[in-house]
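The structure appears right after this line, and notes come after that.
Throughout, read-outs are computed from the coordinates displayed, never taken from laboratory work. Here the structure is a predicted model, which is why all the values come from computation and not from measurement.
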Amino acid sequence: MSKRIILSIAGAAAGAVNGLFGAGGGLVLVPMLGKKVGLSENEQFPASIAIITPVCVTSLLISGKWQLSFIELLPYLLGSAVGGVAVGLWGRKIPSVWLHRFLGGIILWGGIRFLW
């Protein structure tokens, strides 16, 4: 199977996961960006975010479920922007093994939380 077809399937899987659960498409994309595209660990996560962001916006627009006003969303948007800038500036100084452990812990916590 060609690399382009594999990446298209990975993109479709990421979109499906993201559309179903509202997040998680990066769990599909990050390994593919490393194994099939050859990006380093420091490049995989930003590339995944760049791919997932329009997928999230598309999912939101298609679902049409606006449950919060812009004013209610503003603190989350500002906090996300500050967090994104901080990690963009200083995230590369964190050893990747710690990032993997932290992400694994968040995924595990989220999975356990949804079981109950």
Report the Cα centroid-to-centroid distance between region 85-116 and region 1-61 in angstrom, as an integer. 17 Å
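Give the total of Lys-Lys pairs in the chain with Cα-Cα distances below 28 Å; include a pair only if its members are 8 or more places apart or on different chains. The partial results should precede the final answer.
Values: K3/K35; K3/K36; K35/K93; K36/K93.
So the count of such lysine pairs works out to 4.
Kindly provide the helix-only [θ] at 222 nm of the chain, computed as the sum of -39,500 (n - 2.57) over DSSP H runs of four or more divided by all residues, to the nearest 500 deg cm²/dmol? Display every interim value, and only then the final one.
Numbers: 5 runs with 94 residues, N = 116.
About -27500 deg cm²/dmol.
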